[in-house]
Amino acid sequence: MNDESDGKWLRDRMQKLRASRDASAPAFEQVWRGARARQMAPRQRSAFPAWRLASVSAAALLVLATAITFSSVQRERNRRMERDFAEVEGTLLTYWQAPSDSLFPTADGNEPPER
Amino acid sequence: MEPAELDGRLEALHKESFSWALTCCAGNASDAEDVLQTVYLQIMEEKARFGGQAEFKTWLFSVIRNQAAKEMRRQMVRRLFLLRQEVEPPSRPSGLSPDAALARTEWEGAFERALNVLPRRQRQVLHLVFYEDLTIEAAARVMGVSLGSARQHYERGKAKLRQRFQP
């Protein structure tokens, strides 16, 4: 199908569609009257007012902020604990002595000879 | 423009406007009627004013397109945030009366359904060019896109329909 016949075919279909749509379009007066009635009527409350969107967004932001704060506090606490443990371990290592015979008493109760 | 003249012009373009609204609302007749009513209301309240820079029809169709897009967005947000799918009564495609719907051939129904499932821009450009007999350039102005973009949507839309309906 070349471009020209393509266009002709589509135009033909569209014009048929147009005839059927024209037949089913609501009357101008009906739509116009509806618009006029809406103009005269007091403003209806929107089904989805802006304040609802704003409060949903604010709540979501609050939850997000709380989650971020909680996780950063938790991370900081873990880091501090690790530092404290490392400090205690370091202190203990300072007093550590290599094992030697002098630490063990001999069988006759004498002190082991000095080396 | 005088109110009486404005009313006259709107009335003269009413059927075309409804059909355009229908295309912008993916074939949902009740949405299209709502959109058109809101557009008329905006014009009455002078929230949408014809400045005379473009043709009246081009301006009116742009207002309808914008309003339809706003309506679609609102429906999407409603579905997303409230997680509430409003139950719509089963609507006839294009708001046809039962007699007219019966009279239509199955093929015509299939054509309209295929048109309605095309991406929005492709559907719109094909409507403006083949239904309204506008040039692609004028269609681009109504759609608020560049000529190149409109041409691309036009070619893609046409190719999809050809693929679907080529004998």
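The values are calculated or read from the model by the stated rules, or taken from the named source; none is laboratory data. Predicted, not measured: the structure shown is a model, and the values here were computed from it. Using ideal geometry, Cβ is built from the backbone for each residue, glycine included, and neighbour counts are taken over all protein chains shown. Quick note on the areas: whole protein, heavy atoms, side chains included, nothing else; ligands and nucleic acids left out. Shrake-Rupley method; radii C 1.70, N 1.55, O 1.52, S 1.80 Å.
Table for the structure above
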| item | result |
| --- | --- |
| Condition broken by A:ARG33, with the remaining ones in (1) under 26 Å from B:ASP34 (Cα atoms); (2) open to solvent by less than 60 Å² (accessible area, probe 1.4 Å) satisfied | (2) |
| Residues of segment B:37-51 that turn out to be in contact (Cβ under 8 Å) with a residue 12 or more places away in the chain, in a loop (DSSP other than H, G, I, E, B) and under 14 Å from B:ARG9 (Cα atoms), as a count | 1 |
| Looking only at segment B:124-139, and only at residues there that are of a type outside the set (A, V, I, L, M) and crowded, with 22+ Cβ neighbours inside 10 Å, the one that is nearest to the other protein chains (Cβ to nearest Cβ) | B:PHE130 |
| Only one of B:ALA110, B:ALA159, B:ALA103 that is within 12 Å of chain A (Cβ to nearest Cβ), at pLDDT 85 or above and either exposed (fewer than 14 other Cβ atoms within 10 Å of the Cβ) or closer than 17 Å to B:GLU16 by Cβ (or both) | B:ALA159 |
| Those residues of segment B:140-153 which are under 18 Å from B:THR58 (Cα atoms) and either within 13 Å of chain A (Cβ to nearest Cβ) or not polar (S, T, N, Q) (or both), in sequence order | B:ALA140, B:ARG141, B:VAL142, B:MET143, B:GLY144, B:VAL145, B:LEU147, B:ALA150, B:ARG151 |
